[in-house]
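See structure below.
Bear in mind that the values in this text are calculations on the coordinates, not laboratory data. Quick caveat: nothing in here was measured; it's all calculated off a predicted structure. No Cβ is skipped: glycine too gets one built from the backbone with ideal geometry, and neighbour counts run over all protein chains shown.
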Amino acid sequence: MGTTKLSGTIRLGGLLLLILNQSAIGYAFFGGVGRLARGIVLGRLSSTASSPGYQNSRASGSALHAKSARFLVVGGTGRVGGSTAAYLAKLADSEGYDSVTLILGGRRRESYESSKSRITSKLESQKIPLPSIEFQRINLDTDSQSSLTSTISSCSPTCIIHTAGPFQQRTSPLLLKSSISLNLPYVDVCDEPPLCSTSKSLTSKSSPAIVGAGIWPGCSALMATQVIRELREYENGDSRIPVNGESIDMSFYTAGTGNAGATIVSATFLLLCQKALTFVNGVGIEKEPWEEKRTVNFGEKIGDKNVRLLDNPDIFTLRESLGSSNISSRFGTEPELWNLLFGGMKRFIPRSFLEDKKFCQGLAIFSLPIIRIVDSLVGSTNAMHISVKSDKNNSATFTVIHDDLEECVGLATASFAYEILKGGVKPGVFYPSDLGEKERRGILERVKGEAVLWDVTTSW
C-alpha cells in the first residue's frame, strides 16, 4: 500500500444552527498561501487597451524579464471573488511576477470598497505587498455582449477570472465569449453541465480557457483524474484506457457555510430543485437530490460523515474527459439533524420558490447574521474525498482538508489562473480533467500548500 500524507490541526466547532446555510457551498466555489517552489519561469502576457491579447512567452522569449499582470476578477466584489483576488496577490512572487493589478468587477462601488478593505486587511496581516486595486462596473445580468466586450477591453486585463455567482440557471457564456473575442485567457469557478457543454463547443484559436475551475468543482476533478489514471496504469499499463467496472465516488464536507457569502448560500438553495446527475454503467441518470445516504470517512481529523446525492458539474466533465462508467457526487454537513432538515426543506418548500433566484438571494441575505454566528461556532473546514475502484477490487482514495472553504476556493481559482498563464495550456476551451499531467500537478501542488491533510492511498 502506498501512502503520502500531510497533516495538521483542523479547527472544528460545535453545532450548526441553520441547515439553510450549509450545503453545496463548495459546489459553486472553491485558498491559502502555498509553500510553493520558487523560481518558476512564466511567460509574459501583453495587452493594450485597444486590443488586449494572449501571448505565450515560450514564443516571445521574454520569460526572464520583469513581469506584471492585470487580473480582471468578475465577481471580485463578493467573498469568493475577493478571496481569489487576494490569492492572486499572495502567489504573485512565487509565480515570478513583480507586480499585479487586481480589477474587481461588480455591480456596486459600495461592494467594491468593502471587498477592497477585506483584501488589503488580509494581505497586510500577512505582510504581503499590496497590489493596485481598481473597480470596474460589470453586470452580467443586464450587460449586452457588445457592451461587456467593450468594457473588458477598456480595462486591458491580462487574464479574466469569472467568480460571479450564482451560476445556476445561466444559459449563455457571455464572459467567455468576450474573452475569446479579445484573445484573453479565461477561468471560471463553476458552470452547470449545459453551460459547460456550450462553453466547450466554442472555438478559441489563440487563447486558453478553463471552465469549472474552483475547488469543487475544479481541483476535485484533478484529484479524481490523478487517482483514476494511476488505477488504469496499474491494471492495464495505459492511463488512457478505462478499466472494467471503473467507478468514481466523490464526497464533500463543509463545516458551517465555509465563511461563504450570501450569493453562495443562495446557490445552495437553488440546488434543492435540481436533479443530481450520476452515471451508472455508462448511462447518465438524473436522481433526486439529497437521497441515497452514505457514510464516508474523511480522515482522522474529521472522521465519518453522512453524505447525500447533490448535483456537481464534475460528474459531467469527468465523464466527458475520462469516460468512466460509474460516477456520483455527495455532500454532507453536521450534525445529522441539520442534514435531515435540509432534506425537509427540499420536500416542503414549493419548487417554484426554490427555482426563484431572487427568493433564494433574499432568503440568504436575511439569514446572513445567523450565518456569521454559526460559522464562528463551528469553523469553516472543507474536506474532499475521492474514491476510485475497479471490478478487480483495486482501489485508490484521495483525501484533502483545508481549514476554510472561502480561503481554499480563492487559492484553487488563483492556481488555475496562474497555471493558464504559464503557457502550457493550449488554445481552446477545456474542463479541468482535460488538462495534461504537468498542468494538473502544478495546480494541485499550489492547492496542497495550505492543506492540513493531503492523503493519497492505493490498494496496491
Legend entry - Amide proton proximity set for Phe298, modelled H, under 5 Å, gap of 5+: Gly303, Asp304, Lys305
Legend entry - Listed peptides 97-104, 278-285, 247-254 by packing density, highest first (mean Cβ within 10 Å): 247-254, 97-104, 278-285
Inset, instruction - Starting from the Cα gyration tensor of segment 411-458, multiply each eigenvalue by 5, take the square root, and state the resulting semi-axes largest first in whole Å. - result: 21, 13, 8
Legend entry - Hits among lysines - C-alpha to C-alpha of Lys90 under 21 Å, sequence gap 8 or more where chains match: Lys67, Lys116, Lys122, Lys127, Lys422, Lys448
Inset, instruction - With just the Cα atoms of segment 388-434, tell me how far they stretch along each of the three principal axes, in Å, largest first. - result: 40, 32, 14
Legend entry - Relative packing of peptides 67-76, 195-204, 400-409, 291-300 - highest average C-beta neighbours within 10 Å first: 400-409, 67-76, 195-204, 291-300
Legend entry - Phi to ³J(HN,Hα) by Karplus 6.51 cos²θ - 1.76 cosθ + 1.60 over segment 426-437, Hz, x for Gly, Pro: 6, x, x, 10, 10, 8, x, 6, 7, 5, x, 4
Inset, instruction - Name the residues whose placed amide hydrogens come within less than 5 Å of the amide hydrogen of Lys287, ignoring near sequence neighbours (fewer than 5 apart) on the same chain. - result: Ala276, Leu277, Thr278
